[in-house]
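The values are calculated or read from the model by the stated rules, or taken from the named source; none is laboratory data. Model, not experiment: these values are computed from the prediction. Glycine also receives a Cβ, built like all others from the backbone with ideal geometry; neighbour counts cover every protein chain displayed.
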Amino acid sequence: MKAAVYEGPRTVTVKDVPDAKIEHPCDILVKITTTNICGSDLHMYEGRTSFETGRSLGHENLGEVVEVGSAVSKVKVGDYVVLPFNIACGFCKQCEKGLTNYCLTMQPEPALAGAAYGFAEMGPYQGGQAEYLRVPYGDFNALRLGEDAVERQKDYVMLADIFPTGYHATEMAGVGPGDQTIVYGAGPVGLMAAYSAILKGAGRVWVADHHQDRLRKAEEIGAIAIDTTSEDPAEVVKEATLGLGADNGCECVGYQAHDSGGHEDAALTLNGLIDSVRFTGSLGVVGVFLPKDPGGAKAQGKLEAEGKIPFDYGLMWFKGQHMGTGQAPVKRYNRALRDLIAGGRAEPGFVVSHELPLDEAASAYEHFDNRDEGWTKVILHPDGRR
Ligand SMILES: NC(=O)c1ccc[n+]([C@@H]2O[C@H](COP(=O)([O-])OP(=O)(O)OC[C@H]3O[C@@H](n4cnc5c(N)ncnc54)[C@H](O)[C@@H]3O)[C@@H](O)[C@H]2O)c1
Ligand SMILES: [Zn+2]
Ligand SMILES: [Zn+2]
């Protein structure tokens, strides 16, 4: 079968790899019809993680079940399913608490927790930017879709990661009706956080970034754009709130945060968030930060390469703020968010700018990585559709 394979920094090739197959009685095999490129893939693509060469990428996957293991009882061949990027067992100490983002069973390294498809430090699993995907514990991990699945893949595929992740950011930030919320980053995740805040009835939502095309998407859903090439988000928000700051905020950028000139500083958005949010407000940080960044020494410094990021903890403490962090537990939200889509209340597919066949993955990665004008979110179709 064909898959998009990481072959070293800024090199992805679509090539033949061994066929995905059932390896355990609880597995299901899914023929992937829609699979996204994510900002998380870009950390790997740029060589800024430990991701091994020769592995396939892709953790935002949707497709049709073509085979089920002998112990699978709920999921059936022919079902359309969307797979949380987290791979979880459903029965470990963490999964029992709903923390499928830190499953202990699926992560083979005892010192770590959490697993995902085609992801650095998250187990040996192959990615879904491929014709087929092996899904462990299919009954637990697959979310079945309704009759409109095929026509509305563009919306439903966002349940694999970015819609629940954006929603999770707003949960950690405690966004509620009437709140004034600031989101750092107008990438797909930031847009989903803003969209989630608006769905929850936030009174005012700002989105800060330096890419105009992405900011326009934020405005389309009713958020207020802050262009960081000319404005300081904390100043804008404070001026609009009698100097108090936003009620809460979301970080949707991660450790490769940079200024509009491209100069990287992993503390930039954290500090901005702490400054922008009022005393006792909460911060939801879903942008990825890592304990090791192979390119960090060159891009930022020795400390940052070890994930030791000096940020304004003093001010955060002084303001009595709370911060939530980490990978999102997709399964906590995906069923409810699916039903919002099915009921016509949410259309997260608005972020999609490009639908391409899997064969065009190499150039799609290049454009998305450059944040080229208009390349907001790319979805790939391994069945060749556009
Ligand atoms: N926690 C999770 O479960 C989870 C899930 C998915 C993605 N992520 C992470 O979320 C982050 C965003 O993902 P994405 O797909 O939107 O990525 P992306 O790279 O497409 O978007 C990031 C955006 O942040 C902007 N940005 C950079 N520096 C900035 C700054 N200083 N201020 C404001 N904006 C700035 C960029 O211009 C870009 O538009 C990544 O770190 C990704 O790995 C986390
Ligand atoms: Zn993702
Ligand atoms: Zn588990």
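Cβ-Cβ contacts under 9 Å between residues 6 or more apart (or on different chains), taken from a first residue in segment 235-247 that is surrounded by 20 or more Cβ atoms within 10 Å (Cβ to Cβ) to a second residue that is part of a strand (DSSP E or B) and hydroxyl-bearing (S, T, Y), are listed as A246/T181; D247/T181; D247/S282.
Consider N61 carefully, then state whether it is at negative phi, within 16 Å of ligand 3 (Cβ to nearest atom), touching a residue at least 24 places away in the same chain (Cβ under 8 Å) and not acidic (D, E). No: the conditions fail for N61. Annotation note: of R48, R10, the sole residue that is within 16 Å of ligand 1 (Cβ to nearest atom), of a type in the set (D, E, K, R), assigned to a loop (DSSP other than H, G, I, E, B) and touching a Pro at 6+ places or on another chain (Cβ under 7 Å) is R48. Just checking, does segment 97-104 include any residue being in a loop (DSSP other than H, G, I, E, B), within 16 Å of ligand 1 (Cβ to nearest atom) and buried (at least 24 other Cβ atoms within 10 Å of the Cβ)? Within segment 97-104 (the criterion being in a loop (DSSP other than H, G, I, E, B), within 16 Å of ligand 1 (Cβ to nearest atom) and buried (at least 24 other Cβ atoms within 10 Å of the Cβ)), the answer is yes, since at least one residue qualifies. Going residue by residue through segment 179-202, is there one that turns out to be within 22 Å of the chain's Cα centre (by Cα), assigned to a helix (DSSP H, G or I), surrounded by fewer than 21 Cβ atoms within 10 Å (Cβ to Cβ) and away from ligand 3 (no atom under 16 Å from the Cβ)? Looking through segment 179-202, at least one residue is within 22 Å of the chain's Cα centre (by Cα), assigned to a helix (DSSP H, G or I), surrounded by fewer than 21 Cβ atoms within 10 Å (Cβ to Cβ) and away from ligand 3 (no atom under 16 Å from the Cβ). Is it the case that segment 354-362 has a residue that's out of contact with any Gly (no Cβ under 7 Å at 6 or more places or on another chain) and buried (at least 20 other Cβ atoms within 10 Å of the Cβ)? Yes; the residues of segment 354-362 include at least one that is out of contact with any Gly (no Cβ under 7 Å at 6 or more places or on another chain) and buried (at least 20 other Cβ atoms within 10 Å of the Cβ). Within segment 333-386, being of a type outside the set (A, V, I, L, M), part of a helix (DSSP H, G or I), over 22 Å from V30 (Cα atoms) and in contact with a helix residue (DSSP H, G or I) (Cβ under 8 Å, 6 or more places away or on another chain) holds for P348, F350, Y365, F368, D369. If you check Y117 against the conditions, is it more than 16 Å from ligand 1 (Cβ to nearest atom), out of contact with any helix residue (DSSP H, G or I) (no Cβ under 8 Å at 6 or more places or on another chain) and at pLDDT 95 or above? Judged against the criteria, Y117 is not a match. When Y80, Y45, Y102 are checked against the criterion of being assigned by TED's automatic domain parsing to the domain that holds N370 and within 16 Å of ligand 2 (Cβ to nearest atom), a single residue qualifies: Y45. Residues satisfying the criterion are present in segment 87-97 (criterion: over 16 Å from Q153 (Cβ atoms) and within 15 Å of ligand 2 (Cβ to nearest atom)).
In segment 91-112, the residues that are more than 15 Å from P136 (Cβ to Cβ) and in contact (Cβ under 8 Å) with a residue 12 or more places away in the chain form Cβ pairs under 6 Å with partners that are within 10 Å of ligand 3 (Cβ to nearest atom) and not in a helix (DSSP H, G or I), at six or more places apart or across chains, as follows: Q94/C103; Q94/L104; N101/N86; N101/G114; Y102/A113; Y102/G114.
If only residues of segment 317-332 that are outside any loop (DSSP other than H, G, I, E, B) and within 15 Å of ligand 3 (Cβ to nearest atom) are counted, the one that is surrounded by the fewest Cβ atoms within 10 Å (Cβ to Cβ) is R332.
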